[in-house]
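Below you'll find the structure, written out as structure tokens, and then a few comments.
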Amino acid sequence: DHNKLALPVGTTLDRFIMRKQEDFPYATGELSQLLRDIALAAKIVNREINRSGLIDIAGAYGNRNVQGEDQQKLDVIANIRFIRALRNGGEVCTIISEEDEDMIQTGNDQGKYVVAIDPLDGSSNIDVNVSIGTIFSIYRRVSPTGRPGTSADCLQPGTHQVAAGYVIYGSSTMLVYTTGNGVNGFTYEPSLGEFFLSHPDIQTPKTGAIYSINEGASDTFSPGVVAFVKHCKDASFSARYIGSLVADFHRNLLKGGIYIYPATGKAPKGKLRLMYECNPLAFIVEQAGGRSSDGYQRTLSIEPKDCHARCPIFIGSQDLVEQAEAFMAQETAPV
Ligand code: P6P
């Protein structure tokens, strides 16, 4: 069918969005506009990041964000840019952001969508030129339009996502997203200011030989995690941990592998956030044929308790996540 009509590599993001919208007979273009708004903000943030070494904006901002972390100026700029783009686009009524404790009301009370976003994840990596990323998740609001969004609009399980994606600001800048019909990757050409389809219909390998986990915390890993990590070593896997979620995730998505941020002594519920880190990446990896859980439960079915809830994450190639889950199940099985 039309949807399976593969658009040629080199198609621009705009044309791709337009052609895909035609596949949705009742689409009225709001989601398409929303995706364009995100791409615009990504271009602006990309430019700021590439200049950050030159202009004195890379240093710590001084005040601390809700995460209690030093707020890098680029964090703040990225947050401002994405919120502004979503506000001006008019399609989004409410935003939850890693950078803000409370829901952000855009004033677009007629907006049908809610966005959860980590505007610049891995910001501690900015000063050392490591790849960083934006992660976003899009939901249809459940409350009636004509008034601001509610917490019920924001606290939906990951299975309710209508779209999710990330931008990786790396050796090249890419936008990777899904609307529930597969995953497509677009590479940014700064000289033209355009994203071009470079990775159509991404399928993550069913298995792999890369494991990504911060073994500095291994003394506090649960027995199931210790056993799975040993299994990876016995199988001569490569250990690859950049310490920047989007970069670690993107490499494993393309090459196969597993990324784990488990419960640790310092992070008893894991460190990563359900709404704007785990759920969007879980949607993407499932659409690419992979798997994501907290070790026991499918990430997408976790009921969010609050906007900034944390959860453990085991995400990547289906076989590896299933193997890790088997070790976690043994751990809880009566000895
Ligand atoms: P740790 C960066 O601060 C981040 O949120 C993710 O991008 C990254 O994967 C993780 O935390 C690294 O955490 O505890 O291993 O330094």
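Coordinate-derived values only; no laboratory data. Not measured: the values here are computed from a predicted model. Here the Cβ is made from the backbone with ideal geometry for all residues, glycine too, and neighbour counts use every protein chain on show.
From most to least packed by mean Cβ count within 10 Å, the peptides 228-239, 77-88 give 77-88, 228-239. From Cα pairs below 8 angstrom and at least 6 apart in sequence, can you work out the relative contact order of the chain, rounded to a whole percent? Computed value for the chain: 15 percent relative contact order. Is there a pair in K206/K266; K112/K269; K20/K112; K73/K255; K230/K305 whose C-alpha atoms are over 28 Å apart, and which pairs would that be? Checking Cα-Cα distances, K206/K266; K112/K269; K73/K255; K230/K305 exceed 28 Å.
Less than 5 angstrom separates the built amide H of G270 from those of A263, T264, all sequence-distant by 5 or more or on a different chain.
In loop segments of the range 250-335 as defined by DSSP, the chymotrypsin sites (Phe, Trp or Tyr not before Pro) with at most 14 further C-beta atoms inside 10 Å of their C-beta are Y296. Exposed loop sites were defined as GluC sites (Glu not before Pro) in DSSP loop states (anything but H, G, I, E or B) carrying at most 16 other C-beta atoms within 10 Å; in the chain the longest segment without such a site runs 102-335. Equivalent-ellipsoid semi-axes for the range 126-277 (Cα gyration tensor, √(5λ), whole Å, largest first): 29, 23, 15. Classify the chain: rounded, prolate or oblate, from the alpha-carbon gyration tensor (a ≥ b ≥ c, eigenvalue square roots; a/c under 1.5 rounded; otherwise prolate if a/b is larger than b/c)? Rounded is the answer for the chain, as its axis ratio a/c remains below 1.5.
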